Structures are given as C-alpha cells and as structure tokens.
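The block underneath contains the structure these notes are about, expressed in structure tokens.
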Amino acid sequence: MSRLAIFLLTACLGVNAMAADAIDSNREKKFGDITVHYNTFTSSFLQPETAQEAGIVRSNEKGLINVSVVKGVTPVAAQVTGTIKDSLGKSEVLTFKQITEKNGISYLAPYSVTQQELRTFTINVETGGNAHGFQFSQELFPGTK
C-alpha cells in the first residue's frame, strides 16, 4: 500500500482536487505539540489498485477527507470523528477508516458530492487523552464525468 501512502501525503500537502480553502491554505491545525493535517479530494483521483487495497469506492460523486495527526514529526494514532453539513443544515456523519503504513497513519472518510456546494466540515481528534476540534468550510465540486 505504499502507493496509497504517497498519494495521501501528496494530497495532504496541497493537492486541492475538489476546491480551494482560502482561509487555511496550509490545511493544518495546531494544538500545542499536535498538528492535524487535512485535505479533501474526489475518490476518482485514486488509482484503481490503490482504492481497492484501501477498500474505497472510486467515483466522481464521492469525496474523501484525509486526516493525519503528528506530534512533532512523528505520526500518532488518534480517534477521528466528524460531520459534514450542507448549506441547508443537513448533517452527515463522517465514518473514518484508519490506514496504517510504515511511514504514517491516515484517516479517510467518504462523503457524497452530487453538485457544486459549500459544505462545513467539523472534525474531532482525540489522542493521548486530549480532544481537539475544528471546523472548515469548503466549496465542493463533483469530478468531471
């Protein structure tokens, strides 16, 4: 699954396939010595074999949020939960799947993207007995067919 790790690292470091977030272009939140990196992209950007290895459905109408947690430069395990809310206030629970590789730990959660829309993500991360939460809004676009 090393291809998945490389792809997810690239995604976290700035491949904004679905939208741009002008508020926090670094796509990270700092909580003391813990840094949470996050990014979203269309699942169709994954290579077929990579998606299959991770158990992810590739689709132009499925987005993925990728979250990773580091302490300093060391990846750490965390409990990651969250929701995504549309402009009408309809909320969907994000179900994160942990992907562990020798070079890091990522948490992926799928969500639907059927039309261009501004959505608000609420992410909660618990590690080392400490809980941290943050929100960000992002305009999402379904991929091209």
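The values are calculated or read from the model by the stated rules, or taken from the named source; none is laboratory data. These numbers were taken from a predicted model, which means no experiment stands behind them. Cβ atoms come from the backbone with ideal geometry, glycine included; neighbour counts cover every protein chain shown.
General observations
- 2 or more residues surrounded by fewer than 17 Cβ atoms within 10 Å (Cβ to Cβ), among the hydroxyl-bearing types (Ser, Thr, Tyr) and at pLDDT 95 or above: qualifying strands (runs of 3 or more DSSP E) within region 85-129: 117-127
- For region 64-84, filtered to residues that are β-branched (Val, Ile, Thr) and more than 18 Å from Gly129 (Cβ to Cβ), the residue that is modelled with the lowest pLDDT is Val73.
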